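Undergrad: The structure follows.
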């Protein structure tokens, strides 16, 4: 019993929950950060630069994969650097073909910062027993959402990920067996797997976004 409870405790401690990243004003992801041995981004993005720096050193192939993804998402990106800006602190320098000078986190858009943070979460070798993401599509362009879904599907091949979303743009790229619809009925929440619904004929002409908006999936749009 003790070993089982210990394993269960370890399992719970490996569950990671990420709400939408805060990126406004003086959010941690826009400021210089202490350089630490971190291998997994935290929920505030306050260690993201350390994670990327350490990934480049310890897992260069994974880092290059992340960089290739970011170049696909943001054409013109050349590379990242992590200059020291104070005692033990670093920042992110974004080098782009459009400018002779690098861009820094305070100059990057909300969607850019959120996508970089999500990419680091989903590509880092440090796995969660269960990864919980709440509305990861916030601030993302629809084209970035498609890339995000591909990342999520790849991650799901290696570990378990649960995403809560109200975005039809995200649901559009999913398969029915990847979707669970939540409805509230008589004060209770009912969950229905989309692949248990009779959707085959509809899916010949429409995607899940269309069917959700048409009311065939349930759930409030």
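Bear in mind these aren't lab numbers, they're just calculated from the coordinates by the rules spelled out. Not measured: the values here are computed from a predicted model. Virtual Cβ from ideal backbone geometry, glycine too; neighbours counted across all protein chains shown.
Undergrad: In what sequence do 18, 206 fall when counting other Cβ within 10 Å, fewest first? Numbers along the way, then the final one.
TA: Details: 18 21, 206 15.
If I rank by nearby Cβ atoms, fewest first, I get 206, 18.
Undergrad: With everything on Cα atoms, drop me the angle between helix 110-123 and the longest principal axis of the chain, reported from 0 to 90° to the nearest 10.
TA: The two axes meet at around 80 degrees.
Undergrad: Based solely on its DSSP helices, what 222 nm [θ] is calculated for the chain when runs of n ≥ 4 H residues each add -39,500 (n - 2.57) and the sum is averaged over all residues, nearest 500 deg cm²/dmol? Walk me through the numbers on the way to the answer.
TA: Details: 8 runs with 80 residues, N = 221.
Per the formula, -10500 deg cm²/dmol.
Undergrad: Regarding the chain, what's the average projected area of the Cα-atom convex hull, expressed in nm²?
TA: Values: hull surface 65.0 nm².
Mean shadow area of the hull around the Cα atoms is 16.3 nm².
Undergrad: Once all Cα-Cα distances of the range 1-115 are split into 5 Å bins that start at 0, what whole-number percent is in each one?
TA: Per 5 Å bin, starting at zero, the Cα-Cα P(r) for the range 1-115 comes out as 2, 11, 18, 21, 20, 11, 6, 5, 3, 2, 1, 0, 0 percent.
Undergrad: Another one. Pop out the Kirkwood hydrodynamic radius of the range 61-154 from its pairwise C-alpha distances, inverse of mean 1/r, in Å to one decimal. Before the final figure, lay out the partial values.
TA: Values: mean 1/r = 0.0693 Å⁻¹.
Over the range 61-154, the inverse of the mean reciprocal pair distance is 14.4 Å.
Undergrad: How far, in degrees from 0 to 90, does helix 60-73 lean away from the longest principal axis of the Cα atoms of the chain, to the nearest 10?
TA: Approximately 70 degrees, to the nearest 10.
Undergrad: May I ask you to derive the relative contact order of the chain, considering only C-alpha pairs under 8 Å and at least 6 residues apart, and to give it as an integer percent? Write down the numbers at each step before the final one.
TA: Numbers: 322 pairs, mean separation 37.0, N = 221.
For the chain, the relative contact order is 17 percent.
Undergrad: Please determine, in degrees from 0 to 90 and to the nearest 10, the orientation of helix 48-58 with respect to the longest principal axis defined by the Cα atoms of the chain, where the helix direction is its Cα long axis.
TA: Roughly 80 degrees, rounded to the nearest 10.
Undergrad: Then there's this: Give me the orientation-averaged projected area of the Cα convex hull of the range 66-120, in nm², one decimal. Don't skip to the end; give the middle numbers.
TA: Working: hull surface 15.9 nm².
With the hull built on Cα positions only, its mean projection is 4.0 nm².
Undergrad: Of the candidates 154, 186, 177, which one comes out as most mobile in a Gaussian network treatment of the chain with C-alpha springs shorter than 10 Å?
TA: Among 154, 186, 177, the largest GNM mean-square fluctuation belongs to 186.
Undergrad: Right, next: So how far apart, in nm, are the two label points at residue 166 and residue 71 if each is 7 Å from Cα heading toward Cβ?
TA: Calculated label separation equals 3.8 nm.
Undergrad: Rounded to the nearest 5, what % of the DSSP beta bridges within the range 67-221 are antiparallel ones? If you can, show how the numbers build up before the last one.
TA: Details: 13 of 18 bridges.
Within the range 67-221, antiparallel bridges account for around 70 percent of the total.
Undergrad: Using a Förster distance of 30 Å, how high is the FRET efficiency between residue 188 and residue 4, based on the Cβ-Cβ distance and rounded to 0.05? List each step's numbers first, then the result.
TA: On the way: r = 32 Å, r/R0 = 1.05.
Efficiency, from the Cβ-Cβ distance: 0.40.
Undergrad: While we're looking at this one, here's another question. Once each part is reduced to its C-alpha centroid, what is the distance from the range 163-218 to the range 55-76 in angstrom?
TA: With the range 163-218 and the range 55-76 each reduced to a Cα centre, they are spaced 33 Å.
Undergrad: Hey, got the Cα dimensions of the range 174-221 along the principal axes, in Å, largest first?
TA: In descending order, the Cα extents are 35, 19, 16 Å.
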